[in-house]
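Undergrad: For reference, the structure I am asking about is given below.
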Amino acid sequence: MKLWGGRFSKSTDAAVDDFNSSIRFDSRMYKQDIKGSQAHAKMLGKQGIIPQADAELIIKTLDEILADIEDGKVEFTIDAEDIHMNIETILISRIGDVGKRLHTGRSRNDQVALDNKLYLRDESEELKAMLEDLQKTILTLAEENLNTIMPGYTHLQKAQPITFAHHIMAYYEMFSRDLSRLSDWRTRMNIMPLGSGALAGTTYPLDRPFVAELLGFDGITQNSIDGVSDRDFICEFAFVLSMIMVHLSRFSEEIILWSSNEFGFVTLDDAYSTGSSIMPQKKNPDIAELARGKSGRVFGSLMGLLTMLKGLPLAYNKDMQEDKEQIFDALDTVKMCLPVFGGMLATMKINKDAMLIGAKGGFTNATDVADYLVKKGLPFRDAHAVVGRMVAYCLDTNKVIDALSMDEFKEFSKLFDEDIYTAISLETCVNLRKIPGGPATETMKAVIDGYKNK
Ligand code: ARG
C-alpha cells in the first residue's frame, strides 16, 4: 500500500504510477533527503515531539540506509513514487513504527523544497570549483601571451591591436561574474523551508532555527505558503547556468573561427578535435561546437522552468515536480562542458606569428596615426579625416600605413615626422594603452598578478 493509501479503495493504475513517479530522476537527491530527515528527526527528539530514543534510532538507521545506497545495495521503486517516500518506506521496513514517526510535522511539500535547496547548494560548490579551474587555465594562457599581439575586432572587422592575453582575460572577467552570481544566488536561496508543512505550517512546536542551523542555512522562511511554492531559486540557478553557457558559447565561437584555415590563430590539440569519416584532411573543433550547441538546451531549461511556474496558483502543485529534470539537465550539461572546454584551452597551440600577421593587416594602427596628429596639436576630428584619406590612398595603392615613405606621410600632413614609424608600431599601439583595463603588457600583467594572489 502507498504511504498515503488510507483514503483510497483502489490502487493506482500502473500507467499512473509510471506517469506520476519521479524516482527516475529525483533519486539523485538521496543524500540531501537523508540529511534533511536526520535534522528533522533530531529536532523532533529534542522538542519531545517524538521520544528521544526513536529519534536516535531513526538517525542511525538513515545512516545505514545512506551507506547501503552508496554501496548500490538499495533498489528504489516506482511504487514508492519519489525519493522522499522511497527512503521513508525503506526506513519503515527496517524499524517499523519508529520509522513511521519521522514524518511528524512535515509534508513532502516542504521536504522537496528543502531537498532541492540542499542539492543545488551542494552542486553549486562543484560548479564553483569548475569555474575556478577554468579561470586558472585562462590565467596561465594569458600569462604566456602577454606579448602576443593579435588583431582586436569590432563587427568582426579588424579594429585595433590587442594581445591574446587581453582578449582571453575578457572571458576571465565573465566567469568571475558567473561566480559572483552564484554567491548572490546562494545568499537568497539559503533560507530553510522546513516547518512550512503542506502549506500552512504545523501545530507541533518545531524548532525551525535549530534545523536551519543543523543544515547550514542562514535563516528560515517567513511564509509557509511561499516556503513550499517558491522555485525562484531554481529559475535563478538556471539563469546562472545559462549565462555560463552564453560565455562558453561565445568563447567557443571564437575558437572555431580562430582554428579555421582562414584565421589559423590557434591549432587544437589532436586529443581535443575530431576527424571526418569522408574527408581525410579534416580536423574539426567539435568540442567547441558542442559547447556552443549545448547552450540551447540550458536556455531551454530556463524557459521551461519559467513557463512551468508562471500560471501556478499557490501553493504546491504537482507541476513543480517538473522543476527537477529541467534543472538537472542544465546542471549536468554545464558540468560536462566546463572541464572539457578547459582541457581544450590548455592544450591548444597559439600561433603567435599568424596573430601578428593578422594584426598587421586591416589598418589596426589607424587610430594611433590619428592620435599621433592629435598629440602634435591637430583636433581629433581633423586627424580622423586625414587618416581616413591615408587609408583610402593605401587601399588604392595596396600599401600599409607603416610602409609609406616620409614624403608620402608629409603629403597628408606636415605634422608627420620620422618618429611616426615607432609611434604606430603595433608594440607601441598596444603598450601605450596602459589605461586601467587596457591591453598594455604591464597593465595586463598587473591584472593577472592581482588575480593570481587573490
Ligand atoms: N515528487 C514531488 C515533487 O518533486 C514531491 C512533492 C510531492 N508532494 C505532493 N503533495 N504530492 O515535487
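Undergrad: Between Lys100 and Arg24, what length in nm is gained on full extension when 0.36 nm per residue of separation is reduced by their alpha carbon distance? Walk me through the numbers before you get to the answer.
TA: Details: separation 76, 0.36 × 76 = 27.36 nm, distance 2.42 nm.
Fully extending the segment from Lys100 to Arg24 adds 24.9 nm.
Undergrad: Below 8 Å between Cα atoms, with a sequence gap of 6+, how large is the relative contact order for region 345-454 in percent?
TA: RCO, region 345-454: 21 percent.
Undergrad: Put a dot 7 Å past each Cα toward the Cβ at Glu56 and Lys445; how far apart are the dots in nm?
TA: The two pseudo-label positions are separated by 6.6 nm.
Undergrad: At what distance in angstrom do the alpha carbon centres of region 104-149 and region 411-454 lie from each other?
TA: 36
Undergrad: Sort out for me the Cα centre separation of region 331-385 from region 286-316, rounded to whole Å.
TA: The two parts, judged by their Cα centres, are 33 Å apart.
Undergrad: Continuing with the same structure: For Asp417 and Ser180, what does the FRET efficiency come to when R0 = 35 Å and r is the distance between their Cβ atoms, rounded to the nearest 0.05? If you can, show how the numbers build up before the last one.
TA: On the way: r = 48 Å, r/R0 = 1.38.
The value I calculate is 0.15.
Undergrad: Also, quick follow-up: Tell me which of Val240, Thr397, Ser229 sits at the most positive position along the dipole axis of the chain, charges placed on C-beta atoms (Lys, Arg +1; Asp, Glu -1).
TA: Ser229
Undergrad: Determine ³J(HN,Hα), in whole Hz, for all residues of region 211-216 in sequence, where each value follows from phi through the Karplus function 6.51 cos²θ - 1.76 cosθ + 1.60 and θ = phi - 60°; x replaces Gly and Pro.
TA: So the Karplus estimates, Gly and Pro as x, are 5, 4, 4, 4, 9, x Hz.
Undergrad: Here is a further query. On a full-extension model of 0.36 nm per residue, what is the gain between Lys31 and Ser425, subtracting their alpha-carbon distance, rounded to one decimal in nm?
TA: Additional length available on full extension: 135.7 nm.
Undergrad: Here's something else I'd like to know. Taking each full run of DSSP H in the chain as one helix, which ones are at least 20 Å long along their axis (Cα atoms) and have mean Kyte-Doolittle hydropathy of at least -0.5? Don't jump to the answer; show the numbers that get you there.
TA: Values: long enough: 30-46 (24 Å, -1.08); 52-70 (27 Å, 0.30); 108-143 (51 Å, -0.65); 164-189 (38 Å, -0.56); 232-258 (39 Å, 1.19); 286-310 (36 Å, 0.41); 323-347 (37 Å, 0.43); 380-397 (25 Å, 0.41).
In the chain, the long hydrophobic H runs are 52-70, 232-258, 286-310, 323-347, 380-397.
Undergrad: Something else: Highest first, please rank the peptides 303-312, 440-449, 222-231 by the mean number of other Cβ atoms sitting within 10 Å of their residues.
TA: The peptides rank, most packed first, as 222-231, 440-449, 303-312.
Undergrad: Before anything else, pin down the relative contact order of the chain: Cα pairs under 8 Å, at least 6 apart, normalised by residue count, whole percent.
TA: Averaging sequence separation for qualifying contacts and normalising by length gives 16 percent for the chain.
Undergrad: Suppose each label sits 7 Å from its Cα in the direction of the beta carbon; what would the Val16-Val391 distance come out to in nanometres?
TA: If labels sit at Val16 and Val391, their model points lie 7.2 nm apart.
Undergrad: Using only the Cα atoms, what convex hull volume per residue in Å³ does the chain have?
TA: Expressed per residue, the convex hull around the Cα atoms of the chain is 206 Å³.
Undergrad: Between Thr203 and Ala170, take the C-beta separation as r, use R0 = 56 Å, and let me know the FRET efficiency to the nearest 0.05. Intermediate results must be reported in sequence, preceding the final value.
TA: Working: r = 57 Å, r/R0 = 1.01.
Working from the Cβ atoms, E equals 0.50.
Undergrad: R0 = 30 Å: FRET efficiency of Asn453 with Phe210, Cβ-based, nearest 0.05? Before the final figure, lay out the partial values.
TA: Details: r = 40 Å, r/R0 = 1.34.
For Asn453 and Phe210, the calculated efficiency is 0.15.
No lab work stands behind these numbers, since they all come straight from the coordinates. Bear in mind that the values here come from a model prediction, so they are computed numbers and not experimental data. Using ideal geometry, Cβ is built from the backbone for each residue, glycine included, and neighbour counts are taken over all protein chains shown.
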